[in-house]
Amino acid sequence: MSPRTPTSDRTADVAAFFDGPRLTLARHLAGLRKSDLAALLDKSPTAVAAWESGAKRPSAATVAQLALSLSVDPGFFAVRPDNVAALSTTPHFRSLRSTSQLARDQAFAYGQLAVDIASSLERHVEFPAPAMPNLPVPVDDRESDTPERAAHLVREQWDLGAGPIRHLVRLVENHGALVVFSPPQAASVDAYSFDSRLRPVVVLNPIKHDYYRQRFDAAHELGHLVMHSDAEPGGRIVEDQANRFAAELLMPAEQIRHLLPTTMSGNAWRTLAQLKEHWGVSIQALLYRARWLGQLSDVSYRNAMTTISTRGWRRSEPGLVNIIEQPSLLPRAVELLEQEGISEALLIEQCRVPAELFHTVTSRAPKDRTTEADVQAAADQRLTARVVSLLDWQRSAASDLQSDLGTQQ
Amino acid sequence: MSEQQEVIAEFGEAGVLAGIRWAYDSATTRSLDTYSPTDGHDAAWLGMTRFTLLRDRLDRVFACERFAVRSGNDTDDIDLLYADLSERDVESIPALDAGLVRRSNLNGSPGWAYQQWRFLLASCVFGKVAELPWPQKSATKQKVAGQRNPEPPQPSLFEGLALDEIGGLEGMVQADEDLDLPTLVVAHSLDPLSQKGELVIGRARLNSGGGQAWDWRHDLLSIPPTAGGRVMGDAPLPTGPESVPDAPVRLRRPAAELRDGHANGEQ
């Protein structure tokens with residue numbers, strides 16, 4: 001059998017079952033505007049918009065062209081049992097102003113892809129049932145203690161008792177939320193979360209190799225899921241509420257207040273280092289907590305933060321734990337199915353997603369390629385507001401397809 | 001877990017790193033206090049004083065040699081322990097159990113051992129700790145630097161040889177290079193002008209003909225200084241995220257069914 005036949009057949013099949021929202025998803029993953037994609041195809045942006053909305057159906061040749069331009073398999077565009085995207089809430093992104101719409105769309109598309117993969121795997125495996133406490137907080141509420149009460153509610157409903165939380169990512173997973181790392185190319189977007197038809201999702205930033213800060217991020221996102229399922233994302237007050245939630249969840253006031261230093265002399269730094277290890281939070285979070293709870297004066301806090309800066313600890317604080325918390329749900333599912341003889345390749349085929357994205361979504365740790373260069377790239381990305389395609393790994397597959405098309409046309 | 005992670009975690013948890021840090025702080029502060037160029041002191045004087053004081057402080061904080069606890073009761077020996085220490089030193093000395101770290105010299109070079117690791121001291125010029133020239137140091141230090149790295153970063157030269165051959169070669173190499181205990185080096189420096197110093201612990205690497213001076217090293221001055229008592233108090237340390245089990249994931253139906261489902265074209 002010629003290797004070209006299946007591709008051509010698939011393309012024709014997909015044209016019949018073409019799903020507009022899947023095209024939107026692929027375009028977002030590639031970090032393209034409608035006009036960018038139109039230019040790549042040499043078609044009008046109106047045509048792209050019509051395919052995406054379902055007003056028009058692309059021809060088989062166009063589907064092939066789309067697949068090629070976006071570096072996905074044509075099967076990616078096939079209709080799904082349900083449209084995950086339409087059933088998800090808008091994610092909460094921190095620093096909305098510095099994150100471009102394109103980057104946000106891409107990040108959200110990645111999150112949806114994770115839900116899509118989870119949904120596909122869930123036909124074979126059972127994950128813990130979602131059990132997310134819910135305590136909505138008005139988006140303009142600066143005064144009340146609702147964020148703190150929400151943190152108490154979580155500790156109570158999840159039966160956490162007193163003391164530090166051992167493993168935040170696992171805690172969230174055990175209560176049915178999906179936790180994944182985002183790909184290194186998207187590292188300029190901070191951690192984010194959203195609720196989907198399936199289960200809540202937390203997407204962690206892959207370049208923060210800091211156990212203590214990552215825990216705070218996860219707690220912050222948990223706060224959004226508990227308090228802001230209905231809220232418009234992105235406001236300053238909403239972000240503050242999530243930070244207050246995280247601080248109270250990780251360092252409950254009544255348990256930590258008397259332990260915090262009241263001056264920065266004597267044993268203060270040693271105390272902070274101890275508290276850091278015991279509670280699994282950064283010294284900076286502890287200092288902020290100490291000021292918030294009125295234990296530390298503004299002047300002492302400022303001086304302490306100056307010391308932190310001088311020692312270069314703003315970027316990298318010393319700490320004993322140098323392994324970050326890792327998600328387990330999807331990786332465990334893949335391992336379990338592999339033990340049962342269901343290969344990863346088969347799962348990827350069933351999910352119909354690019355293999356590299358499948359790996360990123362289902363891995364326990366951020367990709368190895370998350371290096372200094374990625375950190376730099378993320379910083380550059382922030383400056384230039386340039387969004388790198390998440391589908392670039394597929395270049396070789398795309399050129400195979402191109403040769404298929406060459407013979408077809 | 002890499003050797004570095006293991007050493008730092010174990011030494012850190014037990015308070016050994018804090019002990020070394022305290023000894024260094026105490027020794028360098030006292031050396032600088034006493035150092036007087038106008039009185040004829042020179043760099044050699046300062047280096048020798050620092051070495052002597054550092055050895056003394058390590059023995060104190062780890063209750064070795066002169067400071068070994070003889071009465072069976074830590075507090076009875078406290079006068080000797082505190083003799084001639086500054087008030088700040090007394091306040092900040094970590095209270096470690098006697099016997100935690102034992103004296104373990106190597107060919108007359110003062111050394112201390114905790115669990116299966118020994119560490120020796122090496123001084124160097126300020127700013128040069130990263131490129132310590134081991135071939136110019138004593139034979140003992142050279143031997144320490146020549147130890148086999150338990151986790152060579154690159155494939156071994158013998159890769160591709162039959163397994164038993166490798167075993168034999170390794171045995172030979174080990175017999176020649178391995179010491180009775182894996183031995184680390186605590187390297188320290190001090191600049192009398194700026195009063196800045198360096199303090200690292202790591203696995204030295206024999207850099208004959210240039211190259212890296214360390215397989216790994218850990219900066220001990222980057223941890224917050226202790227101010228007395230056990231480093232971590234009685235608070236339990238985080239066990240590390242890797243000891244927490246995965247979230248429960250169960251198969252829904254037998255694997256055969258899964259494969260059949262796919263074969264039937266189920267999507």
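Values quoted throughout were computed directly from the atomic coordinates according to the rules given, and no laboratory measurement underlies them. In this text the structure is predicted, and so the values were computed from the model without any measurement. Reconstructed Cβ throughout: ideal geometry from the backbone, glycine too, with neighbour counts over all protein chains shown.
In the stretch A:137-184, what GluC sites (Glu not before Pro) fall in a loop by DSSP, with at most 16 other Cβ atoms inside 10 Å?
Numbers: sites: A:143, A:148, A:156, A:173; in loops: A:143.
Counting only loop positions with at most 16 other Cβ atoms within 10 Å, the GluC sites (Glu not before Pro) in the stretch A:137-184 are A:143.
In percent, how large is the relative contact order of the stretch A:34-163, given Cα pairs closer than 8 Å and 6 or more residues apart?
On the way: 43 pairs, mean separation 15.0, N = 130.
It rounds to 12 percent for the stretch A:34-163.
Can you list residues from other chains, or at least 5 along the same chain, whose modelled amide H is less than 5 Å from the amide H of residue A:93?
The answer is A:234.
Which of the trypsin sites (Lys or Arg not before Pro) across the stretch B:57-145 are loop residues per DSSP, with 15 or fewer other Cβ within 10 Å? Provide the component values of the computation, followed by the final result.
Working: sites: B:57, B:60, B:66, B:70, B:88, B:102, B:103, B:118, B:128, B:137, B:141, B:143; in loops: B:70, B:128, B:137.
Within the stretch B:57-145, the qualifying trypsin sites (Lys or Arg not before Pro) (loop, at most 15 other Cβ atoms within 10 Å) are B:70, B:128.
Of the listed pairs A:34/A:56; A:276/B:196; A:208/A:367; A:208/A:276, which have alpha-carbon separations greater than 24 Å here?
On the way: A:34/A:56 15 Å; A:276/B:196 27 Å; A:208/A:367 12 Å; A:208/A:276 17 Å.
The answer is A:276/B:196.
Direction-averaged shadow area of the convex hull around the Cα atoms of the stretch A:102-190, nm²? The partial results should precede the final answer.
On the way: hull surface 32.8 nm².
For the stretch A:102-190, the mean projected area of the Cα convex hull comes to 8.2 nm².
State the volume of the convex hull built on the alpha-carbon positions of the stretch B:1-66, expressed per residue in Å³ and rounded to an integer. Don't skip to the answer; put the middle values down first.
Working: hull volume 6.4 nm³, N = 66.
With only Cα atoms used, the stretch B:1-66 gives 97 Å³ per residue.
Can you bin every Cα-Cα distance in the stretch A:117-258 into 5 Å intervals starting at zero and give me the percent of pairs per bin, rounded to whole numbers?
Reading upward from the zero bin: 2, 10, 19, 23, 21, 15, 7, 2, 1, 0.
Any number yet on Rg/Rh for the stretch A:23-79, C-alpha, Kirkwood?
On the way: Rg = 9.9 Å, Rh = 11.0 Å.
Ratio value, two decimals: 0.90.
Around residue A:35, what is the net charge, scoring Lys/Arg as +1 and Asp/Glu as -1 over all other residues with Cβ under 13 Å from its Cβ? Please report the intermediate quantities before stating the final value.
Working: positive: A:27, A:33, A:34, A:43; negative: A:36, A:42, A:52.
It works out to a net charge of +1.
Cα extents of the stretch B:1-149 along the three principal axes, largest first, in whole Å?
Cα extents, longest axis first: 49, 44, 26 Å.
Can you give me the Kirkwood hydrodynamic radius for the stretch A:237-338, using every pair of distinct Cα atoms, in Å to one decimal?
Details: mean 1/r = 0.0654 Å⁻¹.
About 15.3 Å for the stretch A:237-338.
Taking the Cβ of residue A:316 as the center, what net charge do the other residues with Cβ under 12 Å away carry, scoring Lys and Arg +1 and Asp and Glu -1?
Working: positive: A:208, A:213, A:311, A:314, A:315; negative: A:210, A:317, B:219.
So the surrounding residues net to +2.
Remind me, relative contact order of the stretch B:1-142 in percent, using alpha carbon pairs under 8 angstrom and six or more residues apart? Numbers along the way, then the final one.
Working: 121 pairs, mean separation 28.1, N = 142.
Relative contact order here is 20 percent.
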